[in-house]
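Working notes, structure below.
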Amino acid sequence: MDSRNGSETSQESDVKSFFRSAPPLQNGDLISANLRQFVDRNSRRLESGDPIKVVCVTSGGTTVPLEQRCVRYIDNFSSGYRGAASTEYFIKAGYSVIFLYRRGSCQPYCRYLLEDSFLDFFELNEESMIQVPESHATVVKTAIKDYHKAVEEGLLLKISFTTIFEYLQILKMVATSMSCFGQHGMFYLCAAVSDFYVPWESMAKHKIQSAGGPLDMRLNQVPKMLSVLRKEWAPSAFCISFKLETDPDILLQKADMALKKYQMHVVVANELATYKDEVIVVTAGGKTTVRRHGKDQDLEEQLIDLLVKEHKEYIG
Ligand code: PMT
């Protein structure tokens, strides 16, 4: 066995042992039924000649529990804004979206609610009826209309996760069920995914006690699922991963590496200090910088525009 085959084998066994040790999903049957309904509806449209495209947008950070009855956990930075905004622009561009998001993170069509209080959008009139102040009326009406339209037309399916165990199990379910869309499927993986975890079977069952003094803990490496996604789960889909770094000197080098190593079609490179204002889209053909032009503009609008064009070329 050569070293390449050797490393593939060890990666496969890491992936298997990750899934074997993961606690079963609480609502796996419901997720699977909703997924089936969404995929059937969209694949019927594709079969009837409608050139639809389906994207799975992952969004928000995964947690790593330290106890089975979890009091403490390690988290990954992500508000979910990018995923929520991108979902809106994908739907606008004609895509159906499976939005796989961290519970409590930003949501499409109401991503501004985290900063502006929900209550600011409503007021009571003299008859104690709830109404929307004139200043917010257009935003609220548009959001309600667009959200309901997307759900009723079967263009948006939302599935939530919290832990790394839930995220990767659901991603696998989504990816394998999306394989029927072939090249019309896309993955836009902007969730911030944990790199280290505590295997479920070696995790403390109850709250770890502080009386025992300082805590020594060994974390296993989460196997990179990007290659499994590309090779096994959805081999024909168009795959976009993200690369987040804090050191600008290594960002592009890491993005180039991800493109080759995981055979991504696109890697979107961003730096923590500037990720809202600038990203670099890396493909085999070169690098394109996408910048937002003003504080009121979403960088995601231009980014999705570019990615939709890349996907169109890929489908050819
Ligand atoms: O949500 P916001 O606040 O708007 O922020 C958006 C963002 C900065 C989180 C987003 O733009 C972003 O960069 N997301 C990716 C963060 C991340 O996990 O980067 P990474 O370099 O650690 O991972 C690179 C890729 O590998 C990711 O696409 C991830 O899905 C994938 N991965 C990571 C770990 C792992 N074990 N398996 C994976 O497949």
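Quick check on L272: is it out of contact with any helix residue (DSSP H, G or I) (no Cβ under 6 Å at 6 or more places or on another chain), under 19 Å from A84 (Cα atoms), touching a residue at least 24 places away in the same chain (Cβ under 8 Å) and open to solvent by less than 60 Å² (accessible area, probe 1.4 Å)?
Here the answer is no, as L272 does not meet what is asked.
Just to be sure I understand the filter: pairs with C-beta atoms under 8 Å, separated by 6 or more residues or on different chains, first member in the range 138-156 and at pLDDT below 90, second member among the small types (G, A, S) and open to solvent by 70 Å² or more (accessible area, probe 1.4 Å). Which pairs pass?
none
Just to check your reading of the model, which residue among K260, K312, K205 is open to solvent by 60 Å² or more (accessible area, probe 1.4 Å), within 16 Å of the ligand (Cβ to nearest atom) and of a type in the set (K, R)?
Of K260, K312, K205, the one residue that is open to solvent by 60 Å² or more (accessible area, probe 1.4 Å), within 16 Å of the ligand (Cβ to nearest atom) and of a type in the set (K, R) is K260.
Taking R102 as meeting all but one of (1) modelled with pLDDT of 95 or more; (2) open to solvent by 70 Å² or more (accessible area, probe 1.4 Å); (3) within 12 Å of the ligand (Cβ to nearest atom), write down the number of the exception.
(2)
Looking at L229, L251, can you tell me which residue is in the same structural domain as A192 (by the TED database), in a helix (DSSP H, G or I) and either open to solvent by less than 70 Å² (accessible area, probe 1.4 Å) or within 20 Å of M178 (Cα to Cα) (or both)?
Being in the same structural domain as A192 (by the TED database), in a helix (DSSP H, G or I) and either open to solvent by less than 70 Å² (accessible area, probe 1.4 Å) or within 20 Å of M178 (Cα to Cα) (or both) holds for just one of L229, L251, which is L229.
Which condition number does Y73 fail, the rest of (1) surrounded by 17 or more Cβ atoms within 10 Å (Cβ to Cβ); (2) at pLDDT 95 or above being met?
Y73 satisfies all of (1) surrounded by 17 or more Cβ atoms within 10 Å (Cβ to Cβ); (2) at pLDDT 95 or above except (1).
For the range 118-136, state whether one or more residues are in contact with a Cys (Cβ under 9 Å, 6 or more places away or on another chain) and either in a strand (DSSP E or B) or open to solvent by 50 Å² or more (accessible area, probe 1.4 Å) (or both).
The answer is yes; a qualifying residue exists.
The values are calculated or read from the model by the stated rules, or taken from the named source; none is laboratory data. What you are looking at is a predicted structure, and each value in this text was computed from that prediction instead of being measured. Here Cβ is always computed from backbone atoms with ideal geometry, including for glycine, and neighbour counts include all displayed protein chains. Heads up: the accessible areas ignore ligands, DNA and RNA and are worked out on the full protein's heavy atoms, side chains in. Shrake-Rupley method; radii C 1.70, N 1.55, O 1.52, S 1.80 Å.
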